[in-house]
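**Q** Have a look at the structure that comes next, please.
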Amino acid sequence: MRVGVLTGGGDCPGLNAVIRAVVRRGTEEFGYEFVGFRDGWRGPLEGDTVPLDVQAVRGILPRGGTILGSSRTNPLAESASQGSRSGVERIKDNLSGLGVDALVVTGGEDTLGVATRLHGEGLQVVGVPKTIDNDLGATDYTFGFDTAVNIAMEAIDRLHTTAESHHRALICEVMGRHAGWIALHAGLAGGANVILIPEKPFSIEKVCAYVEHRFQTRYAPIVVVAEGATPQEEDVQVADQRLDAFGHVRLGGIGQTLADEIEKRTGKEARCTVLGHVQRGGTPTAYDRVLATRFGIHAIGAVHDGDFGTMVALRGTDIVRVPLAEATRELKTVPPERYAEAEVFFG
Ligand code: F6P
């Protein structure tokens, strides 16, 4: 058996641990050969490969990023036109030309959405969930999330001390496109004054009231805001309008908008720190290394069992297999009752 491996979408800490586990178990236990595809779906689309054997995965467990590279290439956006094949046809031709029998695809909703479609077209695919946002419905946790939360928490801890010294409001913008899990966990762990998430549009007036209350009690407020959070006030412009290949707006900017509004409305100095890609880089936590390794072990196990069209998922402490279609059907957003727990500490 010859197995192709790719990592697509936004990278996240733990991808290399998945690749290593897939290759180690696949080679040593099942005697498989591997082919690495470069840069997500661009690799199979263009037949761009990289050698992948046990030697190639030595020493990569603690390394951030992905040795295979990643991209947001969407092969489904390439339809057939006169004289040219569709993205799906090109992938099929390239895989058969390379003698690849099965694919292990690690990605989030977009990358796995493509995997679901290709499985429907007859390809033998097993999925592994990944996203720092932790917003895939079919799994309790994705690897990368714990690392991102710890990076954001450490930043919030540091912001507290400088905010106190200067009696400033500091706004910390974290990642989280549709779901506020990073903001919620990092904000709770870091003792934020208020946490703002995409699931619940917020009132700038109310945020300002929390900020003022915190100053009255002689503390400096820290506001944690997810990049996808939006104000209820419709006239406040926040997002950059550029789109990626999957049609997502490039986010970023809500933190600065909020700082400007807080300063204008309260008269207190407010400054913004955008953590951005710092949350996605660097070495994974122990939790993420272990989860990613377990996903890799079970993904190649699914290939060995011929259980294609599935994705490995964490349920409680067990790794289970779920249909790929289920994996991308629903986003896992922060439920109101979980947000209410955090609201106890606002103001
Ligand atoms: O989906 C993961 C994520 O990190 C989001 O939190 C964020 O909105 C997006 O990726 C950023 O993507 P890019 O790296 O392409 O700017």
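**Q** Residue check: is A302 more than 21 Å from G10 (Cα to Cα), open to solvent by less than 20 Å² (accessible area, probe 1.4 Å) and outside the structural domain of V104 (by TED's automatic domain parsing)?
**A** no
**Q** Filter the stretch 73-98 down to the residues that are under 14 Å from G43 (Cβ atoms) and in a loop (DSSP other than H, G, I, E, B) and list them by number.
**A** T73, N74
**Q** Can you tell me which residue within the stretch 5-34, out of those that are open to solvent by less than 20 Å² (accessible area, probe 1.4 Å) and at positive phi, is nearest to the ligand (Cβ to nearest atom)?
**A** Per the criteria, the residue is G9.
**Q** Moving on to the next point. Could you check the stretch 270-282 and list, in sequence order, the residues that are more than 15 Å from the chain's Cα centre (by Cα) and either outside the structural domain of I222 (by TED's automatic domain parsing) or open to solvent by less than 60 Å² (accessible area, probe 1.4 Å) (or both)?
**A** Selection gives A270, C272, T273.
**Q** If a residue must be within 14 Å of the ligand (Cβ to nearest atom) and either assigned by TED's automatic domain parsing to the domain that holds G187 or open to solvent by 10 Å² or more (accessible area, probe 1.4 Å) (or both), how many such residues does the stretch 109-129 contain?
**A** 3
**Q** Taking interchain pairs and intrachain pairs at least six residues apart, which have beta carbon atoms under 8 angstrom, with the first residue in the stretch 326-341 and more than 24 Å from G113 (Cβ to Cβ) and the second assigned to a helix (DSSP H, G or I) and open to solvent by less than 60 Å² (accessible area, probe 1.4 Å)?
**A** From residues that are more than 24 Å from G113 (Cβ to Cβ), the pairs are R338/L184; Y339/L184.
**Q** Residue under question is S96, and the condition is that it be open to solvent by 60 Å² or more (accessible area, probe 1.4 Å), away from the ligand (no atom under 13 Å from the Cβ), in the same structural domain as H304 (by TED's automatic domain parsing) and hydroxyl-bearing (S, T, Y); does it hold?
**A** Considered against the rule, which asks whether it is open to solvent by 60 Å² or more (accessible area, probe 1.4 Å), away from the ligand (no atom under 13 Å from the Cβ), in the same structural domain as H304 (by TED's automatic domain parsing) and hydroxyl-bearing (S, T, Y), S96 comes out as yes.
**Q** Right, next: Please go through the stretch 130-174 and pick out each residue that is more than 14 Å from the ligand (Cβ to nearest atom), out of contact with any Asp or Glu (no Cβ under 8 Å at 6 or more places or on another chain), open to solvent by less than 10 Å² (accessible area, probe 1.4 Å) and not in a strand (DSSP E or B).
**A** T139, I156, A163
**Q** Quick one: which of R2, R38 is touching a Phe, Trp or Tyr at 6+ places or on another chain (Cβ under 9 Å) and more than 16 Å from the ligand (Cβ to nearest atom)?
**A** On inspection, the qualifying residue turns out to be R2.
The values are calculated or read from the model by the stated rules, or taken from the named source; none is laboratory data. All figures in this text were calculated on a predicted structure; none of them were measured in a lab. Cβ coordinates were reconstructed from backbone atoms using ideal geometry, including for glycine residues, and neighbour counts include every protein chain displayed. Ligands, DNA and RNA are excluded from the accessible area calculation, which covers all protein heavy atoms including side chains. Shrake-Rupley method; radii C 1.70, N 1.55, O 1.52, S 1.80 Å.
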